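Visitor: Have a look at this one.
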Amino acid sequence: MTRRTQRVGNLIRNTIGQLLLTKLSDPRIDPVKTSITRVEVPDDLMTARVYISVMGTDAQQKRTLEALTHAAGHIQELMMRQFSLRHTPALEFVSDTKFKNTLETYAIIERAMQEIRQKEHAEQGEPEDAPDQVSAETEE
């Protein structure tokens, strides 16, 4: 990505985010749970792939993605009024799974850490809820 495409992508991301909060009134889109994570714009600036993340069920994410795809022309028209480009990029909305995958990875790591702590406590013969005690000898 060139510097120009990054700037245009950021401008589109910020503008669509603002439009979600203020101008779009589709009941299928919950602006509180929907976020624009990134926008990829090719060098010709004719299209823009908009990645969205919806905090909710898969059905909510699918419904939001369908609503945004349906409203893409209207969103482009509203964007055209807010900034001036030779061509307003055609929008393609895509579900962004990176964030969800990251949360799942953190959950797996946390579960593994809890299992390790439980095994350590079981090997030491300590109850699981007892806080770790530091002896006076190790402090010196």
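The values are calculated or read from the model by the stated rules, or taken from the named source; none is laboratory data. For clarity, every value in this text was computed on a predicted model and none was experimentally measured. Counting neighbours? That spans all protein chains shown, and the Cβs are built from the backbone with ideal geometry, glycine included.
Visitor: Do we have any residue at all in the range 120-138 that's at pLDDT 85 or above and either under 26 Å from the mean Cα position of the chain (by Cα) or part of a strand (DSSP E or B) (or both)?
Guide: Checked against the condition, which is being at pLDDT 85 or above and either under 26 Å from the mean Cα position of the chain (by Cα) or part of a strand (DSSP E or B) (or both), the range 120-138 yields no hits at all.
Visitor: Do you know which of the residues in the range 87-119 that are closer than 29 Å to Glu66 by Cα and of a type in the set (Lys, Arg) is modelled with the lowest pLDDT?
Guide: Residue satisfying both the conditions and the ranking: Lys100.
So that you can scan it fast, the table gives a plain yes or no per residue for (1) hydroxyl-bearing (Ser, Thr, Tyr); (2) not in a helix (DSSP H, G or I):
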| residue | (1), (2) |
| --- | --- |
| Ser84 | yes, yes |
| His87 | no, yes |
| Lys100 | no, no |
| Leu103 | no, no |
| Gln118 | no, no |
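Visitor: Restricting to the range 18-41, give me the number of residues that are touching a residue at least 60 places away in the same chain (Cβ under 8 Å) and closer than 13 Å to Leu78 by Cβ.
Guide: Taking the range 18-41 first, the residues touching a residue at least 60 places away in the same chain (Cβ under 8 Å) are 19, 37.
Within this subset, residues satisfying the condition of being closer than 13 Å to Leu78 by Cβ are 19.
Qualifying residue count for the region: 1.
Visitor: I'm trying to understand the selection: among the residues of the range 6-55, which are over 18 Å from Ala67 (Cβ atoms) and either in a loop (DSSP other than H, G, I, E, B) or at pLDDT below 90 (or both)?
Guide: Result: Val41, Pro42, Asp43, Asp44, Leu45, Met46.
Visitor: For the range 51-93, give me each residue that is of a type in the set (A, V, I, L, M), touching a helix residue (DSSP H, G or I) at 6+ places or on another chain (Cβ under 8 Å) and surrounded by 14 or more Cβ atoms within 10 Å (Cβ to Cβ).
Guide: Across the range 51-93, the qualifying residues are Ile52, Val54, Leu68, Ile75, Leu78, Met79, Leu91.
Visitor: Here's something else I'd like to know. Based on what the data block shows, is Lys62 within 14 Å of Thr34 (Cβ to Cβ) and of a type in the set (D, E, K, R)? Reasoning before the result, please.
Guide: On the way: within 14 Å of Thr34 (Cβ to Cβ): yes; of a type in the set (D, E, K, R): yes.
The answer is yes for Lys62.
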